[in-house]
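Data first, discussion second: the structure below is written as structure tokens.
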Amino acid sequence: MKIAVFGLGYVGAVSAACLARDGHHIIGVDPQAAKVELINKGLSPIVERGVGDLILDAVTQGRLRATRSAAEAIAESELALICVGTPSRRNGSLDTQAVLNVAREIGEHLRGADRPYTIVLRSTVLPGTMRGEVIPSLEAASGRKAGAGLYVANNPEFLRESTAVHDYDNPPKIVIGALDPRTADLVAGLYAGIDAPRFVTSVDVAELVKYADNAWHAVKVAFANEVGSIAKAIDVDSHDVMDIFCADRKLNISPAYLKPGFAFGGSCLPKDLRALIYRAKTLDVETPLLTGVVISNKRQIDRAFDMIVEGGARDIAFLGISFKADTDDLRESPQVALVEQLLGKGYNVRVYDRSVRLAQLTGSNRDYINGAIPHIAEMLSDNLEETVAFGRTVVIGNRATEFRNAPLMMKPPQRLVDLVRTPLPKDFQCAYEGVNW
Ligand SMILES: NC(=O)c1ccc[n+]([C@@H]2O[C@H](COP(=O)([O-])OP(=O)(O)OC[C@H]3O[C@@H](n4cnc5c(N)ncnc54)[C@H](O)[C@@H]3O)[C@@H](O)[C@H]2O)c1
């Protein structure tokens with residue numbers, strides 16, 4: 001393809017070099033004369049292993065050149081990759097000005113022409129930027145509508161500086177957010193030779209994936225360093241600890257615990273987290289991330305509370321009060337904390353939880369249920385259907401299989417607040433609120 005690459009920094013230079021190597025004809029655009037001159041001399045504008053050789057080959061073979069003129073680049077291409085910077089402003093907000101300038105330039109140069117043109121945003125932008133800023137700017141400047149002669153996608157970049165060419169060829173994934181399948185196919189074709197999982201999705205999902213990735217990577221570094229600081233203070237080798245930690249692919253380095261939903265609880269996570277934070281305190285080791293986790297978890301309970309009471313109903317049916325399905329262990333159940341908040345504010349609550357009810361009648365947890373939480377014990381019902389019918393708002397609190405039937409038992413004006421993403425019947429008529437979706 002004939003491709004214009006806007007922005008010849010780390011992402012643009014690597015993309016231009018690799019795409020030219022793969023047989024495409026690339027014209028790079030950058031307002032910085034020095035970068036343009038370097039490329040045209042066959043030299044890399046960035047220090048990055050392997051890029052210099054690729055640029056020299058591509059320039060020598062006539063598949064890569066650079067210019068400061070957006071007009072020239074657009075005239076000679078059928079697709080543009082936008083790779084300009086999106087830096088932080090002083091207050092932390094994202095500065096999208098360079099992206100919008102390029103969008104406007106491209107749009108203006110397309111105005112009046114009738115050849116189709118595709119614009120792919122590789123810069124990192126927050127969700128909503130494509131729909132709210134980039135596409136309107138392209139449409140206003142070009143006089144075209146997205147999907148009609150003007151094709152738009154975003155395709156976040158996952159390369160890491162210092163191993164950028166290797167990462168380009170071996171990405172963890174290829175994510176394409178597109179408005180239509182034709183554009184998604186076209187963008188996927190750029191990476192035809194690359195073996196990586198491919199995800200074609202909406203532009204908003206693609207935008208947020210990139211932020212979730214980078215936030216997660218940052219959390220991993222901070223987590224390892226907090227564990228490391230505690231380990232050092234007690235003379236334990238942090239690398240021994242984390243080697244074993246990382247070898248656990250079932251619970252640690254895995255999808256476990258990574259789907260948005262309700263707060264964590266139970267007899268281990270809260271207790272052990274508190275003990276570790278307390279130990280760190282006694283060692284004069286600060287653990288703002290671990291401490292923040294406790295705060296974040298409490299906030300999730302408050303968020304669910306706000307969602308439940310927002311509906312205005314006073315009669316609440318609460319399905320599932322143990323911290324996970326099929327256990328009667330109520331120790332530090334966030335669902336219990338939530339029910340207690342509702343009771344404290346005078347809501348009429350009925351609770352259904354088969355495992356807890358069984359335990360109340362027969363199990364070893366009977367004394368705990370009747371002694372420690374008698375106010376909840378007396379609300380426990382034996383009958384799912386009756387409990388659902390009682391609630392003007394129905395809350396599904398854990399993943400007990402039988403709660404999949406609860407939505408089928410509901411009818412307007414009942415409202416469902418879902419803490420676990422229960423599958424809904426297609427013709428579900430009631431108001432619905434998911435805790436994080
Ligand atoms: N650097 C990375 O490792 C990396 C990895 C993944 C994603 N990203 C994202 O990719 C984007 C680019 O990052 P980068 O590190 O390559 O940026 P960079 O600052 O190295 O390069 C940006 C280039 O864009 C040029 N530019 C500015 N306005 C322009 C215009 N109107 N037309 C053409 N060029 C213009 C600048 O002169 C500069 O050369 C950012 O959104 C960044 O968050 C970066």
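Coordinate-derived values only; no laboratory data. All values derive from a computational prediction rather than experimental measurement. Reconstructed Cβ throughout: ideal geometry from the backbone, glycine too, with neighbour counts over all protein chains shown.
Brief remarks follow.
- Unit Cα scatterers, Debye sum, the range 123-242: log10 I(q)/I(0) for q = 0.09, 0.16, 0.19 Å⁻¹: -0.38, -0.85, -1.04
- The range 62-150 - convex hull of alpha carbons, volume per residue in Å³: 102 Å³
- Backbone N under 13 Å from the ASP284 label point (7 Å along Cα→Cβ), restricted to the range 223-245: 233
- At R0 = 22 Å, FRET efficiency that the Cβ-Cβ distance of VAL221 and LYS173 yields, to 0.05: 0.60
- Residue-averaged 222 nm ellipticity for the chain, from DSSP H runs of 4+ at -39500 (n - 2.57), nearest 500: -13000 deg cm²/dmol
- Each peptide in 49-60, 75-86 gets a packing score, the mean of other Cβ atoms within 10 Å over its residues, and the list from highest to lowest is 75-86, 49-60.
- Debye-formula intensities of the range 298-434, expressed as log10 I(q)/I(0) at q = 0.13, 0.19 Å⁻¹, are -0.48, -1.06 (one equal scatterer per alpha-carbon, no solvent).
- Structural descriptor for the range 101-247: relative contact order 22 percent, calculated from alpha carbon pairs under 8 angstrom and at least 6 residues apart.
- GNM flexibility winner over the chain from ASP326, ASP367, ASP427 (Cα, springs under 10 Å): ASP427
- Out-of-range pairs (alpha-carbon distance over 21 Å; input LYS271/LYS324; LYS271/LYS345; LYS271/LYS298; LYS281/LYS324): LYS271/LYS345; LYS281/LYS324
- A Förster radius of 35 Å combined with the Cβ-Cβ distance from ASP195 to GLU76 puts the calculated FRET efficiency at roughly 0.70.
- Cα-based equivalent ellipsoid, the chain: semi-axes from gyration tensor eigenvalues, Å: 52, 28, 17
- Among complete DSSP H helices in the chain, those whose alpha-carbon atoms stretch at least 18 Å along the helix's long axis and whose mean Kyte-Doolittle hydropathy reaches 0.0 are 97-110, 203-233, 288-310.
- By the rule of a C-alpha distance below 20 Å, with chain neighbours fewer than 8 residues away ignored, the aspartates and glutamates paired with LYS232 are ASP240, ASP243, ASP272, ASP284, GLU286.
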